[in-house]
Each structure stands twice: as C-alpha cells, then as structure tokens.
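These notes concern the structure reproduced below.
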Amino acid sequence: MKSIVDRIWSYDASLWTDSGEDRWLGWLDVVGRVRPRIPELNAFAEAAIEQFDQFVLLGMGGSSLAPEVLRRAFAADSFHVLDTTHPAAIRRLESGLDLERTLFLASSKSGSTIETRSHLEYFWERTGGRGAQFAAITDPGSELERLAQERGFRATFPGEPEIGGRYSALSLFGIVPASLMGVALEPFLERAAEMMEALLLADGNPGLELGLQLGDAWQSGRNKVCLDSHPSGFGLWAEQLLAESTGKQGKGLIPAPGEPADGPDRQRGEVRLPDPYELGQEWLRWEFATAVAGHVLEINPFDQPDVQAAKDKTNDVLAAGEPDIAPRGSLDELLAQASEGDYVCIQAFIDPSREGELAPLAARAHETGCVVTSGLGPRYLHSTGQLHKGGPNTGLFIQVVDDTGEELAIPGRDFGFGRLIRSQAAGDLAALEERGRRVVRIQLEDI
C-alpha cells in the first residue's frame, strides 16, 4: 500500500473522499511555476514603486490573509490590506492616502467577491478611473479579468484554477503583493522550494509529521489547535487554512491563535518562523499538514460547502431592505451553557480600529474555561465561517455590532458599505441559527 506522502504527490483523491480532490492540488508544486516569473514580477514592482508611494490590496480571505501576514512580517508600512466593509475603516484608509500616488491591487479568484468589487468601484470613482493605478489578480475568464481589460488596468495576473484560495499563498495571490513590499523573491521562493523537497520525504517529512500530530490529537478529543502567537499574525492565515479545510460534516480542527495549549481538548500548533524569509516554508508545511489531517478526519480538505450559506443570506437581507441588527438573546444565558469541549467565538462586525474594546468580553468568555476565538466580520466569513456552520456544534457564538456611522455609497449599487456590513452581520446570524447554532448579538457599546 502506498504511503500517505506517495498518494498525495500522486494526486490520489481516494486518500480523502474521492470527490475531486485531485483537481485542487496545484499548490504542491506551485513554487516551480512561480519562480520563472520572478524577472517579470520584479520589473512590475520596480516600475510601480518608482511611480507610487502607497499600495492597497483589495481582497478577502484567501486573497488577503497571506498578504496581511507578509505585510506584518516584513513591516511593509506602505502596503495596506483592505478586507473590511466598515465605512469608518474605508474612510480612515482613504484619508491617509495620496490617491494620485496610490496603486490599487484588486485580488479575487472568482472575480465577483462582493466586498472586493465594491472596494474597487469605490476607489475607481475616487481616483477618476485611471487604469494605470490599478492591477488585478484573478482566475482566467473571471468577471474581474474582463473588467481589468476593459478599463486598461496596469497589469492583470492570472490565478490558478487548480489552487483553492486558502492554499494560494505561494501563487501570484501572495507573490505579487510580496514583490510590491520589496521582498527579495528569489531567496524567498528558494527557501520555499527547500520545504517542497522535504515534503517528498517518507521519513523526516515536516508536513507529514505535523499533519499526523493534528489528526491523532483530534482523534483523542484535542480538536482545539492553539497556534503560537507570532508578530506576523501567522495565525490569521493558518486559522482559515485549518477551519475552512477541516470544519465540515460535523468535524473540524478549531484554530485558536494565542490560546494556551494546556487543556484536555487542546493541542499546540507550533509556528516555526524565526525569519520572515522562511514564511513560504511555513505556509507549505501547514498546507501539507492540513491535507494529511484531512485524510485522518476523512473529509475533503479542499472544498467549503457551507461558506455560501452566509453569502446567500446576506443577499436575501440586502434585497429586503434595511437589516435588523438589534441585540438578540442573553449573553449570560449563552455563557452559562458552556461545557467541556465547547469554545466561545466572538464575531465582531465592527470598525477594526476598535478591536481592542473586545478585551473585556474575551476576558468574560475565558471565565467559562473554554477556548476563546475571535474574528472580525466580514473577514472571518471567508475564513473560519465554514467551521462555524459545518463543524462540530460546540461553539457559543457572540456577534458584536457597532454604530457604522454615516453611510458611504458604493458606486453602481443601491446600498452603501454601512448597509452591506450590517446585512452581512444579519445574514450570518441567520445562517448560524438555521443550523441550530447557539448565538446571541450584542452592541459593542454595551460591553
């Protein structure tokens, strides 16, 4: 019988559920396909850096989390990642930009992501529609690719259909942003290639070892993965990878960045990142490990069957008019239900600059003795949202909303960013309730 490693590299879908997993393994050797493009990417970045002072990535989930970790790891102050629809955050970002000296990079595999397309239309109008100030990363044939061609974008970089968003960090979705941050691509990708070689090994394979650790611990009831804290925010990227890949069929590894690993339902998620240039290596190690863990859990680690639920609910709410985001349920009663093996999840549809105001709520949640996780909406909808709806029904969900302030119009839409984020909050709560999840809604000001 072939080993797990051999079967992964043989694109053997039967290692998982035999439901098309072989079509999603392009991440295994993506480094070899990207490296020949280094001269082209360097030329693009050098010309852009000479002309522009600031760079803004417009993206969500798999298109934004790897660039955000890169931005933090390399302290790229001129690079910004916009992955919120909160009007206050968009206004604040814009106020710090010289719009004529800013390049906007729209990043979306599907090319139709509502947040990214709304951001794009907003800044297209604000800059006067100058195509030379825009670039795109998107899968071939997408709506965004067509739009970029019509509007004369500076460049359009192709995604790879055989790589899912959360596995795309070392594809152009991560490497184009890296080039604009001034990352030296050759040594960065060379170290990633070294990890790729290690992932071929039958013995001493770092991805296999981590994946078996994750899976074996899950089998013994330790399904909370307490990822090491790291200045790069590596956990932001890893939690999407783990949650969206494994959180289905009532199963799942529950990522908990920064939480202590001592507890009967917990295991440590070690982050090996002594140098920013080893980030590509660590991405590959965790991707391979997640594929291995998917085998142990007997699920398809490459699909996301429940993500669409919140999107559909959001569209329903938007079509119905102004959403109802009034407080719902009792926080005291919710937390009183906490039992061994549960986790508390704070889902905050708030201005990201106010995230610190969630600290008292997190402290109160920790009094239950449960692991506590936290995510900003709508970002987490593209990250851990799959786990919340498709994983084990052990979550106690606390949705937090704030006053979105004066509306900010989205060109070409009959709703603005404020109504959009409120609708996303309302839609996700409805999706959770539909699946029998335990959830309440509170106002940030009431914490």
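Listed values, structure above:
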item: Selection within region 168-207 - within 19 Å of F234 (Cα to Cα), open to solvent by 10 Å² or more (accessible area, probe 1.4 Å) and not hydrophobic (A, V, I, L, M, F, W, C); result: R191, P206
item: Test result for F79, open to solvent by less than 40 Å² (accessible area, probe 1.4 Å) and of a type in the set (F, W, Y); result: yes
item: Residue within region 377-393 that is open to solvent by less than 20 Å² (accessible area, probe 1.4 Å), in a helix (DSSP H, G or I) and among the polar types (S, T, N, Q) present; result: yes
item: Residues (of a type in the set (D, E, K, R) and open to solvent by 10 Å² or more (accessible area, probe 1.4 Å)) located in region 114-136; result: R117, E121, E125, R126, R130
item: In region 406-442, the residues that are under 17 Å from G321 (Cα atoms), open to solvent by less than 50 Å² (accessible area, probe 1.4 Å) and not in a helix (DSSP H, G or I); result: L408, I410, F415, G416
item: Single match in R146, R126, R91 (criterion: under 23 Å from F44 (Cα atoms) and basic (K, R)); result: R146
item: Single match in P301, P260 (criterion: in a loop (DSSP other than H, G, I, E, B) and surrounded by fewer than 22 Cβ atoms within 10 Å (Cβ to Cβ)); result: P260
item: Region 212-256, residues that are open to solvent by 40 Å² or more (accessible area, probe 1.4 Å), in a helix (DSSP H, G or I) and either touching a Leu at 6+ places or on another chain (Cβ under 7 Å) or without any contact (Cβ under 8 Å) to a residue 40 or more places away in the chain (or both); result: W218
item: Complete set of residues in region 196-211 that are hydrophobic (A, V, I, L, M, F, W, C) and either in contact (Cβ under 8 Å) with a residue 40 or more places away in the chain or part of a loop (DSSP other than H, G, I, E, B) (or both); result: M196, L199, L200, L201, A202, L208, L210
item: Qualifying positions in region 374-420 - among the β-branched types (V, I, T), under 30 Å from G250 (Cα atoms) and in contact with a Gly (Cβ under 7 Å, 6 or more places away or on another chain); result: T384, T394
item: Per-region count, region 336-376, residues surrounded by 16 or more Cβ atoms within 10 Å (Cβ to Cβ), part of a loop (DSSP other than H, G, I, E, B) and in contact with a strand residue (DSSP E or B) (Cβ under 8 Å, 6 or more places away or on another chain); result: 5
item: Number of positions in region 57-76 that are on the phi > 0 side of the Ramachandran plot and either open to solvent by 50 Å² or more (accessible area, probe 1.4 Å) or out of contact with any helix residue (DSSP H, G or I) (no Cβ under 9 Å at 6 or more places or on another chain) (or both); result: 1
item: Which listed residue, of V401, V307, V317, is β-branched (V, I, T) and either at pLDDT 95 or above or open to solvent by less than 10 Å² (accessible area, probe 1.4 Å) (or both); result: V401
item: Candidate set from region 1-56 (those that are touching a strand residue (DSSP E or B) at 6+ places or on another chain (Cβ under 6 Å) and outside any helix (DSSP H, G or I)); member that is most open to solvent (accessible area, probe 1.4 Å); result: Q54
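Yes/no matrix, rows are residues, columns are (1) under 23 Å from F288 (Cα atoms); (2) of a type in the set (K, R); (3) touching a Ser or Thr at 6+ places or on another chain (Cβ under 9 Å):
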site: W24; (1), (2), (3): yes, no, no
site: I38; (1), (2), (3): no, no, yes
site: L41; (1), (2), (3): no, no, yes
site: A88; (1), (2), (3): no, no, yes
site: R92; (1), (2), (3): no, yes, yes
site: L105; (1), (2), (3): no, no, no
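The values are calculated or read from the model by the stated rules, or taken from the named source; none is laboratory data. Because the structure is predicted, anything quoted here is derived from the model rather than measured. Quick reminder, even Gly has a Cβ in these numbers, built from the backbone with ideal geometry, and neighbours come from all protein chains shown. Quick note on the areas: whole protein, heavy atoms, side chains included, nothing else; ligands and nucleic acids left out. Shrake-Rupley method; radii C 1.70, N 1.55, O 1.52, S 1.80 Å.
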